[in-house]
Amino acid sequence: MQATGRLRGALPGIMTRSTGNRSSGRLLYWLLLPVFVISILPIVRLAFEGVFVGGVPSLDYFRDVLGSGATWQATANSLYTAGLGTIISLVIGGAFAFLVALTDVRAKAALVFCFMIPMMIPPQITALSWVQLTGPSSALLNAFGMAPPMGSPQPLYSAEGIALLLGIQHASIVFLTLRANLRMIPREQIEAARLAGARGGRLWWQIILPLTSPGLIAGTAMAFVTALGNFGIPAMLGIPANYPTLPTLIYQKLAGFGPSVLGEVSVLAMLIGAIAICGVAIHHRLLANRDYRLMGMVGRPLDIRLGARRSLVETILWAVLIAILVVPLMALIATSLVPAFGVKLNLGNFSFGAFYEVLFVQPSTIRAFHNSFLLSVGAAVTLVLVCLPLAYVMVRKPSKLTKLINLLIEVPYALPGVVLAIACILLFIKVPVIEISLYGTLGIIFIAYLARFLVIALRPVMNSFTQLDPALEEAAQACGAGLWRRLRDVLLPLAAPSAAAGALLVFLTAFNELTVSALLWSAGNETLGVLIFNLDDSGDTVLASAVAVLVVLVVIALMSCFQLASRRLPKGVVPWQT
């Protein structure tokens with residue numbers, strides 16, 4: 001009887017905690033609503049614009065766009081440059097990943113740091129620096145008397161030039177995804193294969209490549225989708241050469257005709273989206289047919305001794321980095337120091353006038369730095385605050401709804417940025433119910449950044465929650481801790497390094513973003529990427545180069561600060577750390 005009484009006395013407390021947990025769980029589910037509005041509703045609105053004409057379902061826009069030869073020419077150009085660029089990314093990024101991750105080359109941290117810089121530099125700066133390096137107007141080549149004669153064509157104004165820079169820009173994506181798989185290959189398994197008689201090519205093709213194929217396939221798919229939606233490089237190299245791709249065709253239509261072509265642009269955007277989704281689907285299909293797993297814990301990572309060839313390999317690696325990073329930046333700096341584009345750089349005309357102009361005369365530069373910093377920091381902080389509880393719902397409380405949301409939030413990142421920009425314009429040009437327009441404000445760029453980079457911030461936190469032992473939370477719950485107390489005191493501290501890594505990637509990526517903001521900016525709301533593109537497009541190449549040099553210095557300084565602080569930060573906060 002006494003035991004029964006004690007049980008009855010305990011029941012209200014248990015019921016109270018259970019009810020509180022259920023109400024807290026329902027509160028967490030409300031996080032799915034803003035995620036749906038930001039990430040999914042714009043895409044739905046985009047599809048509506050292309051399918052409905054005057055509120056009536058119609059295929060007129062599809063017939064006009066798909067029946068145009070310009071559309072298919074731009075599509076073929078996009079597939080060619082993105083495909084060739086992906087092959088280049090695979091060669092460069094794959095070679096670096098295999099050599100840095102599996103061999104005993106020295107200064108690995110420095111190699112990884114330098115190899116990551118091109119990915120953090122905006123694509124329009126990459127294009128601008130290479131244009132300043134090649135051609136008859138190169139200040140750097142003219143200074144050494146190596147420039148081709150005046151009137152010679154710019155070799156990068158071509159499909160192959162676009163593909164080359166796309167390959168260099170996205171090689172770091174292949175490197176990161178592949179290196180993660182390579183570091184999981186245990187030395188013991190390779191030694192066992194050698195004892196069984198596997199040598200040279202057989203060891204490579206039958207053991208190492210199959211084990212790393214998921215990372216290789218994932219990196220290739222990501223590089224292709226990113227190259228397909230890249231706007232900065234095709235715009236700066238393709239528009240002068242009259243070589244349209246789908247993103248630049250959309251941009252030129254909107255810039256030339258304004259909102260009157262939104263229906264046609266929506267169909268073009270859906271065409272890019274369909275190609276991107278096909279690429280992602282092929283990626284998942286290839287991974288579904290491959291299941292190479294390592295049983296047990298990984299011991300010592302594989303470390304291949306290069307012996308006498310190590311110095312040669314190191315020389316080649318650093319030579320490639322100098323060619324794709326240092327030399328183009330030197331050309332960019334040289335252009336920023338001449339009085340006019342095409343003038344030969346010498347001690348007589350060496351000047352910092354362009355830097356003084358952009359920093360102290362033109363207010364747009366400081367405004368663009370302020371806007372980019374505000375948007376990138378705001379997006380990183382907001383996404384961390386949203387993704388920590390959202391990841392908990394996705395992992396700990398799975399349902400059909402969470403699984404659907406988990407799949408759909410990848411769409412804004414898988415689609416090219418120009419598609420997302422158009423979707424945001426259509427949805428937020430007049431916000432339903434409240435009848436307020438966000439078009440032409442920083443608010444619409446901020447919302448587009450949240451949608452674009454949500455998956456980057458969410459995936460690391462979800463992986464962290466997946467790896468945490470549920471017994472930790474169960475023990476805290478048995479001690480009477482409610483849901484929010486468990487999140488605050490147990491789960492969030494353990495997931496903090498992954499959340500910080502995601503926030504850092506969001507910040508560095510958003511700081512120099514152009515593809516989304518190119519269609520969303522307005523006077524007074526410029527971002528750094530837009531400012532550089534507009535300066536170069538208007539013929540102010542020297543000023544554009546000066547702004548680009550400042551941006552590169554800021555990016556390298558930020559990355560260096562994170563690199564130096566990595567020793568005091570929890571493991572995993574700095575994404576490019578080995």
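The values are calculated or read from the model by the stated rules, or taken from the named source; none is laboratory data. Worth saying up front: this structure is predicted, and the values here are computed from it rather than measured. With ideal geometry, Cβ positions are generated from the backbone for all residues, glycine too; neighbour counts draw on all protein chains shown.
Annotation: of all residues in segment 351-370 being in contact (Cβ under 8 Å) with a residue 12 or more places away in the chain and farther than 17 Å from LEU535 by Cα, the one that is nearest to the chain's Cα centre (by Cα) is PHE352.
Looking at ALA74, is it at pLDDT 85 or above and either crowded, with 18+ Cβ neighbours inside 10 Å or in contact with a helix residue (DSSP H, G or I) (Cβ under 8 Å, 6 or more places away or on another chain) (or both)? In short, yes. Tell me, please, whether a residue that is small (Gly, Ala, Ser), within 30 Å of TRP30 (Cβ to Cβ) and in a helix (DSSP H, G or I) can be found in segment 351-359. No, there is no match, as no residue in segment 351-359 is small (Gly, Ala, Ser), within 30 Å of TRP30 (Cβ to Cβ) and in a helix (DSSP H, G or I).
Among the residues making up segment 129-150, those that are assigned to a loop (DSSP other than H, G, I, E, B) and either within 23 Å of SER172 (Cα to Cα) or hydroxyl-bearing (Ser, Thr, Tyr) (or both) are THR134, SER137, SER138. With respect to the stated conditions, ALA368 is outside the structural domain of GLY263 (by TED's automatic domain parsing) and within 20 Å of ASP536 (Cα to Cα).
On the given criteria, is VAL419 in contact (Cβ under 8 Å) with a residue 40 or more places away in the chain, buried (at least 20 other Cβ atoms within 10 Å of the Cβ) and assigned by TED's automatic domain parsing to the domain that holds GLY440? Here the answer is yes, as VAL419 does meet what is asked.
Right, THR126: hydroxyl-bearing (Ser, Thr, Tyr), part of a helix (DSSP H, G or I) and modelled with pLDDT under 85 or not? So THR126 does not fit the description; no.
Could you check segment 388-437 and list, in sequence order, the residues that are in a helix (DSSP H, G or I) and of a type in the set (D, E, K, R)?
The first filter runs over segment 388-437 and keeps only residues in a helix (DSSP H, G or I), leaving 388-396, 400-408, 411-414, 417-428.
ARG396, LYS400, LYS403, listed by residue number.
Among the residues examined, SER498 qualifies as under 20 Å from MET119 (Cβ atoms) and modelled with pLDDT of 75 or more.
Filter segment 111-135 for residues that are of a type in the set (Ser, Thr, Tyr) and crowded, with 24+ Cβ neighbours inside 10 Å and give the result. Let's see the steps before the verdict.
Initial filter on segment 111-135 (of a type in the set (Ser, Thr, Tyr)): 126, 129, 134.
Answer for segment 111-135, where residues must be of a type in the set (Ser, Thr, Tyr) and crowded, with 24+ Cβ neighbours inside 10 Å: THR126, SER129.
Beta carbons closer than 7 Å, at least 6 apart along the sequence or on distinct chains, pair a first residue in segment 222-249 that is within 23 Å of PHE175 (Cβ to Cβ) with a second that is among the β-branched types (Val, Ile, Thr) and not in a helix (DSSP H, G or I) for GLY229/THR515; ASN230/THR515; PHE231/THR515; GLY232/THR515; PRO234/THR245.
Return a yes/no flag: does segment 106-127 have any residue that is of a type in the set (D, E, K, R) and more than 30 Å from PHE507 (Cβ to Cβ). Checked against the condition, which is being of a type in the set (D, E, K, R) and more than 30 Å from PHE507 (Cβ to Cβ), segment 106-127 yields at least one hit.
Restricting attention to segment 47-71, the residues that are modelled with pLDDT of 85 or more and of a type outside the set (Ser, Thr, Tyr) total 8.
Considering every residue within segment 28-46, establish whether at least one is among the charged types (D, E, K, R) and at pLDDT below 80. The answer is no; no qualifying residue exists. Of everything listed in (1) in contact with a Ser or Thr (Cβ under 7 Å, 6 or more places away or on another chain); (2) at pLDDT 85 or above; (3) hydroxyl-bearing (Ser, Thr, Tyr), the single unmet condition for SER560 is (1).
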